[in-house]
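Data block below; observations after.
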Amino acid sequence: MKLHLTRGEGQNLITGYTDDSISINHRQYSNNLIVLPDTLLTDWISASGLALTVDNLTENDFEKIALLKPEVVLLGTGKTHKFLHPKTSTLLIKQGISLECMSTSAACRTYNILMNEGRKVAAALLLY
């Protein structure tokens, strides 16, 4: 699905997504990534070096995100909506960062809305 917004110049805008890829500013990525309005991390892998899935995420996997100090993190959990074990998000909670779990497609849409509102939002997007 292609997405369109009227604003977003100079910011990381999610311009499309499929089950296998996400487009940021019309550039396609086929790996897990973290996107904020002013930052794009295209190498989000687990602390153990394994491919990330919602089932093997640990608290350490959120360290990169916590260092960026977003207001809210949208965790795109792949094709289907899944929840994390509460222990997994402890690091974010301690720093006052909200975490919302949703399918990756929903996280892409929600990220664009919050980014357009001027919020410091992070989308941590899993593809699998």
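If the condition is being in a strand (DSSP E or B) and at pLDDT 90 or above, then the stretch 1-17 contributes I14, T15, G16, Y17.
For the stretch 30-43, which positions are buried (at least 17 other Cβ atoms within 10 Å of the Cβ) and either among the charged types (D, E, K, R) or modelled with pLDDT under 95 (or both)? Residues satisfying the conditions are N32, L33.
The conditions of being over 12 Å from V35 (Cβ atoms) and hydrophobic (A, V, I, L, M, F, W, C) are met by A106.
Consider the stretch 69-104 and keep the residues that are of a type in the set (S, T, N, Q) and out of contact with any strand residue (DSSP E or B) (no Cβ under 6 Å at 6 or more places or on another chain). The one that is nearest to N12 (Cα to Cα) is S103. Of the numbered criteria (1) at pLDDT below 90; (2) on the phi < 0 side of the Ramachandran plot, the one G49 fails is (2). Scanning the stretch 8-29 for residues that are closer than 23 Å to E71 by Cα and exposed (fewer than 12 other Cβ atoms within 10 Å of the Cβ) yields E9, G10.
The values are calculated or read from the model by the stated rules, or taken from the named source; none is laboratory data. What you see is a predicted model, and the numbers here were worked out from it, not measured in a lab. No Cβ is skipped: glycine too gets one built from the backbone with ideal geometry, and neighbour counts run over all protein chains shown.
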